[in-house]
Amino acid sequence: AGLLLLLLWVRHRGLEAVLVHHRWVFVCLFLLPLSILFDVYYQLRAWAVWRLHSAPRQHAQRVRHIQAQVREWKNEGSKRYMCTGRPGWLTVSLRVGKYKKIHKNIMINLMDVLDVDSERQVVRVEPLVTMGQLTAHLNPMGWTIPVVPELDDLTVGGLIMGTGIESSSHIYGLFQHTCVAYELVLADGSLVRCSPTENSDLFYAVPWSCGTLGFLVAAEIKMIPAKKYVKIHYEPVRGLRNICEKFTEESKKKENSFVEGLVYSLDEAVIMTGVLTDEAEQSKINRIGNYYKPWFFKHVEKYLKADRTGVEYIPARHYYHRHTRSIFWELQDIIPFGNNPVFRYLFGWMVPPKISLLKLTQGEAIRKLYEQHHVVQDMLVPMKSLEKSIQTFHVDLNVYPLWLCPFILPNNPGMVHPKGDEAELYVDIGAYGEPKTKQFEARASMRQMEKFVRSVHGFQMLYADCYMTREEFWDMFDGSLYHKLREQMNCKDAFPEVYDKICKAARH
């Protein structure tokens, strides 16, 4: 009877109106159960592959299949660009690229952990391995990777071809800086391995290239010993200058395993520092990853409201994926009552819905609404520009909380490096949510932000909507090595330029 009433109500309101204004109905009834099924399938599959040790055997065969597809494209006369055949909705980026429909789709079914080499302290993985899958695989063996980007569904390939960051990046750099080798199938169908010592130009050009130099088929990532807990210290800070000074000071300390800031208003933040440890005070253990626990950003906010510092011990894997359940704070816009204790205890185990399923079912009306009234952006700026940057974010967007994540940017060749010759401390400012500025207009406001980021020699993460012109884009990023390699490796007929693949102005 309840279902019948619901269907009548949907019919009365119209499906599109329900999907736009009462999206939680659809998400709770359909997407949450579907997401569970998705997860169970992938977990069983990963377990079976590992038990049967079939991944390494099948890897070579799958790579040969990719090479055969590329050669077939050549024999057909190389008429269209190539791209991976993975559907656009399966990616975690909110952008839906149109290029999949017009380019030659190369099927790449590579989603397994290939080898854990404890002697070299390196794990070799295929590009579709997710962060959730990798930590679940390595932690029981006593290992982890130095930079574990936040959301479970982020893939190794996406984090290399785009970028990835975590609160340990002030020590290790971006995700790409923890990789020691890549294997790619190039436009001529050949398979190459590149590292800092072999094919080094290609090794440094691959990150941020968004699949426009070749198809990634494997990556080798450094491993570090895992510990059981993160001892985390919460400190509320008031006043923008104090926030920036405290955050910079903590980010410079190598003894902090993790540094993160959540900015709740222009002059209120909580700065968190964490240290990996195997020992914990039992009374202070907080398993924040349990489904019935409050969302992490809400838990952190309590320290600000009570104006007190605090110390907790969080199980390491819970810490690594601490923002996953609430998709940072995006889920509050989709399920407004999601952090309510009743909802958490009854249905929290089903959360979060898969981002890919949210994308698949959002429809054009919601996509347009999101584009105009919602922002999901990460801007990487030098730490010395942090105060000016937060003020700019406040004026142009006024979205809170803001996520602050520090990282060291080494002076390597490639698209992204500091202005000087030395490694420099940068910070990722993440803005996710509904802008509260009166004058917000997606294109104009974001172009304003992009201009500011270019002026301080910062970078925009390429998963998000980008409104720059081609000249502005190559003013932000260093294209010298990238363009040289595209010329050398005959990529121009095989893959679109990275700008054409990701930018709004390119009208893809």
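Points to keep in mind about this one:
- Residue by residue, the range 131-140 carries 3J(HN,Hα) couplings of 4, x, 5, 5, 5, 5, 6, 7, 4, x Hz when phi is fed to the Karplus relation 6.51 cos²θ - 1.76 cosθ + 1.60 (θ = phi - 60°); x denotes Gly or Pro.
- Apportionment of accessible area to carbon and sulfur, the range 392-506, percent (1.4 Å): 47
- Once the convex hull of all Cα atoms in the range 435-474 is built, its volume per residue stands at 79 Å³.
- The chain: proportion of alpha-carbon pairs further apart than 35 angstrom, %: 33
- Under the Karplus curve 6.51 cos²θ - 1.76 cosθ + 1.60, θ = phi - 60°, whole-Hz ³J(HN,Hα) for the range 386-403, x wherever Gly or Pro sits: 4, 4, 4, 5, 5, 4, 5, 4, 5, 6, 7, 10, 6, 10, 9, x, 9, 9
- Residue-span extension gain [V311 to E76] - 0.36 nm each, minus C-alpha spacing: 78.4 nm
- For T130, T178, the ranking by accessible surface with the largest value first comes to T130, T178, using a 1.4 Å probe.
- Which of A306, G261, I285, positive extreme of dipole for the range 229-364 (C-beta unit charges): I285
- Largest to smallest in accessible area, the residues Y400, Y319 fall in the order Y400, Y319 (1.4 Å probe, all protein chains included).
- Normalising the Debye intensity of the range 56-225 to I(0), with uniform scatterers on Cα atoms only, and taking log10 at q = 0.12, 0.18 Å⁻¹ returns -0.53, -1.19.
- Legend: Rg and Dmax of the range 120-207, from Cα coordinates, 13.3, 40 Å.
- Normalised by 2.2 N^0.38 Å, where N is the number of residues, the C-alpha radius of gyration of the range 343-493 stands at 1.22.
- Normalised by the number of residues in the chain, the mean separation of alpha-carbon contacts (under 8 Å, six or more apart) gives a relative contact order of 17 percent.
- Alpha-carbon centroids, the range 183-212 and the range 393-412: separation in whole Å: 29
- Amide H contacts of S257: G274, V275, L276, each under 5 Å away and 5 or more positions distant or on a separate chain (H built 1.01 Å from N in the peptide plane; Pro and chain starts excluded).
- Calculated FRET value between Q448 and E245, using beta carbons and R₀ = 30 Å, to 0.05: 0.65
- Taking amide H positions as modeled 1.01 Å from N, with prolines and chain starts lacking one, the residues under 5 Å from I106 and 5 or more places away or on another chain are C83, T84, G85.
- Calculated [θ] (222 nm, deg cm²/dmol) that DSSP helices of n ≥ 4 give over the chain, each run adding -39,500 (n - 2.57): -11000 deg cm²/dmol
- Residues E255, E371, E434 ordered from highest to lowest accessible area at a 1.4 Å probe: E255, E434, E371.
- FRET efficiency for the pair K368 and T437, taken as 1/(1 + (r/R0)^6) with r the Cβ-Cβ distance and R0 = 25 Å, rounds to 0.80.
- For the range 229-364, the equivalent ellipsoid built from the Cα gyration tensor has semi-axes of 27, 19, 14 Å, listed from largest to smallest.
- Carbon-plus-sulfur accessible fraction, the range 56-225 (probe radius 1.4 Å, protein heavy atoms only): 53%.
- Each of K298 and Q282 was given a label point 7 Å from its Cα along the Cα-to-Cβ line. The distance between the two points is 3.0 nm.
- Using a simple spin-label model with pseudo-atoms 7 Å out from Cα toward Cβ, D421 and Q391 lie 3.3 nm apart.
- Exposure of R454 as accessible area (Å², to 10), given a probe of 1.4 Å and all protein chains: 50
- Protein heavy-atom accessible surface, 1.4 Å probe, per residue over the chain: 44 Å².
- Computed over the range 433-508, the alpha-carbon pair-distance distribution with 10 angstrom bins reads 17, 44, 28, 9, 2, each value a whole percent.
- All Cα-Cα separations within the range 196-283 were binned at 10 Å from zero, giving a P(r) of 13, 28, 20, 28, 10, 0, each value a whole percent of the pairs.
The values are calculated or read from the model by the stated rules, or taken from the named source; none is laboratory data. As the structure is a prediction and not an experimental result, all values here were calculated from the model. For neighbour counting, all protein chains shown are included, and Cβ atoms are generated from backbone atoms with ideal geometry for every residue, glycine included. These accessible areas exclude ligands, DNA and RNA; they are computed on the full protein's heavy atoms, side chains included. Shrake-Rupley method; radii C 1.70, N 1.55, O 1.52, S 1.80 Å.
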